[in-house]
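Okay, so here's the structure we're looking at.
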Amino acid sequence: MAIELRLMKGNEAFAEAAIRTGVDGYFGYPITPQSEVMEYLTAEKPQERTGMVVLQAESEVASINMLYGGAASGKKVMTSSSSPGISLMQEGISYMAGAELPCVVLNVVRGGPGLGTIQPSQADYFQATKGGGHGDYHSIVLAPSSVQEMYDFVELGYELAFKYRTPVMVLSDGAIGQMMEKVQIGDQKQRLSDHEIVSNYPWATTGKTPDRERNIITSLNLDSAVQERHNQKLQKKYRQIEDEETRSEEIQCEDAEYLFVAYGTSARICLKSLQLLRSKGIRIGLVRPITLYPFPKSAILRHIERVKGIVSVEMSAGQMVEDIQLTVGCRVPVLHFGRMGGILPSPGEVAEFIEHQFIKV
Amino acid sequence: MAETLTKAEIINPANLVYKKTSLITGKVLSYCPGCGHGTAHRIIMEVIDEMGLQSKTIGIAPVGCSVLAYDFMNIDMQQAAHGRAPALATAVKRLHPDKTVFTYQGDGDLAAIGTAETIHAANRGENFTIFFINNGIYGMTGGQMAPTTLEGMKSSTTPYGREQKLMGHPLKITELVAQLPGTYYVTRQAVHTPVAVRKAKKAVRTAIELQQKNVGMTFVEIVSNCNSGWKMTPVQANQWMVDHMFPFYPPGDIKIDGKLVQK
């Protein structure tokens, strides 16, 4: 079969992937810079293409709770939003983590706090990777750095969400969401039939039949001993996710004396900075986390004996840098370089920071 | 003189006049003695049972006294965040249009924190049924003022009575919902007497039957008591409900066949 290539925005690629992956329902609310997701979906008439339901909800609060209902009945459901809207969804994500429900949530991050700016940012790292809502939980967090990954991480997201019965967040940003790139489109997958849902997801509320006990989806345990056992079960799941699902990319790390650690748009900028520095004979590599939770500790630690310094490049005041510091301890200096407010750092200023901090001292 | 009947003669299938539906689990209710929730649960489950819908029904109960409804209703159930049941139900029904879907919500849940979800699900004409238990108070958290608390009514956060200037007016959300074109059947019932229970059950049945016809939202309010929250005996609470709640929340049909009932 011929490879299907298209030039698409990141947000559009995400939406097309939803249809192609056999998603059952999208529930969303408009917010810049991700409104193209729902606009694309409504224009594409997925109800006719695959039977997929698309609904514009009255709020992000309603959207995420629609995901709860849909996921609890065994369906593949998704939403997308940007930072302020994602904040509104945190209660629902916490409930879904507690009730062990799968879903994919796209956050096309913009600058904050508050209404902030509509320009790209990575300032939601803490919120995404440390739970975000109340209680002890994590969502699996995937960080695309290309339009192709905006497409690919939909399928990967559902694979992980259903394998572990947990929310998955795709943590993108305004640049990846808005820019256009070449995308390789996958084949159309069938949505699961109701019969397949009943047999694949025996926990789902699909109507109590005589052959089984009733299914209850809840995050409530009034007995604290029962709640603690549930917490322990969740934590065991997170340890398994950390062991088995950590993903990252290492670029020119083999001989690196210095390391960039950067994800998403920052990783693309660092790639150019890396070329600038390498052309000056500075041996620097890039570790690009693909999963932000679980954080790819071993990808950094395997170079630790060789490297003299690590720089976390983020479009924030420095959030992922704390995870790097926790990973390497005091063995090497770990610095942060970042821009805020929706400003992208230039490759030159990132390279200059490295030279200034580590080379020209 | 009548002969003395033996126990075996009394417990005889021929004498059976009532049997608990198997859709009520038998778990001891967590509700206070005298509360209307138990009766409301029973009539809904009886209707689901009588219509043979157990294997097709998904119930949703959010935060409030009835958060544990899934302990008592022998059907597949989802527990929702406070106020969000209509959002869950929207997705469940749209993704499973062949299922019977209902929410079971209290007045704080439905008419305060969940107002947006209630109004918009109704306005979209979502094809599920809302059972709305209105006792004018937050029962689970210990009797605080609800949006439905009557003027002058005492609660733990209106210890001197609800004062309209400070705390606003009680909200007739059922009348509000009935104004929306997405609702097809809106009624207000009670479960404090055998007659009221029979009428309420008929209303539940009407709502569930209409849901099978995809006509839009069906909405059954049940005005109930909260003897614990109201600090009354069950008998006093029922009387107080008749004397004070009913004048402001009068039982009866509000919208039938998509048309407002002319009073």
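The values are calculated or read from the model by the stated rules, or taken from the named source; none is laboratory data. The model shown is predicted, which means the values in this text are computed figures rather than measured ones. Backbone-built Cβ (ideal geometry, glycine too); neighbour counts: all protein chains shown.
Considering each residue of region A:30-58, count those that are more than 11 Å from chain B (Cβ to nearest Cβ) and either closer than 18 Å to A:Gly157 by Cα or assigned to a loop (DSSP other than H, G, I, E, B) (or both), and give that number. Matching residues across region A:30-58 total 9. Of all residues in region A:59-93, those satisfying the criterion of being touching a residue at least 40 places away in the same chain (Cβ under 8 Å), more than 9 Å from every other protein chain (Cβ to nearest Cβ) and farther than 28 Å from A:Asp194 by Cβ are A:Ser81, A:Ser82, A:Ser83, A:Pro84, A:Gly85, A:Ile86, A:Ser87, A:Gln90.
Can you find even one residue in region A:274-290 that is in contact with a strand residue (DSSP E or B) (Cβ under 9 Å, 6 or more places away or on another chain) and of a type in the set (Ser, Thr, Tyr)? Checked against the condition, which is being in contact with a strand residue (DSSP E or B) (Cβ under 9 Å, 6 or more places away or on another chain) and of a type in the set (Ser, Thr, Tyr), region A:274-290 yields no hits at all.
For region A:87-138, taking the residues that are touching a Lys or Arg at 6+ places or on another chain (Cβ under 6 Å) and closer than 24 Å to B:Ile60 by Cα, the one that is surrounded by the most Cβ atoms within 10 Å (Cβ to Cβ) is identified as A:Pro102.
Screening region B:58-80 for residues that are in a helix (DSSP H, G or I) and facing chain A (nearest Cβ under 7 Å) and picking the one that is nearest to A:Gly207 (Cα to Cα) gives B:Tyr70.
For region A:32-73, the set of residues classified as among the small types (Gly, Ala, Ser), touching a Leu at 6+ places or on another chain (Cβ under 8 Å) and buried (at least 24 other Cβ atoms within 10 Å of the Cβ) consists of A:Gly69, A:Gly70, A:Ala71, A:Ala72, A:Ser73, listed by residue number. Can you report the number of residues in region B:28-48 which are within 13 Å of chain A (Cβ to nearest Cβ), at pLDDT 95 or above and surrounded by fewer than 18 Cβ atoms within 10 Å (Cβ to Cβ)? Of the residues in that region, 0 qualify.
Against the criterion of being more than 14 Å from chain B (Cβ to nearest Cβ), closer than 27 Å to A:Gly135 by Cα and at pLDDT 95 or above, A:Pro294 qualifies. Remark: A:Leu292 falls outside the filter, which requires a residue to be surrounded by fewer than 21 Cβ atoms within 10 Å (Cβ to Cβ) and under 19 Å from A:Gln122 (Cβ atoms). B:Val220 falls short on exactly one of the conditions (1) under 19 Å from B:Thr39 (Cα atoms); (2) surrounded by fewer than 16 Cβ atoms within 10 Å (Cβ to Cβ), and that condition is (2). Checked against the criterion of being among the β-branched types (Val, Ile, Thr) and free of Cβ contacts under 8 Å to residues at least 60 places away in the same chain, the candidates B:Val28, B:Val67 yield just one match: B:Val28.
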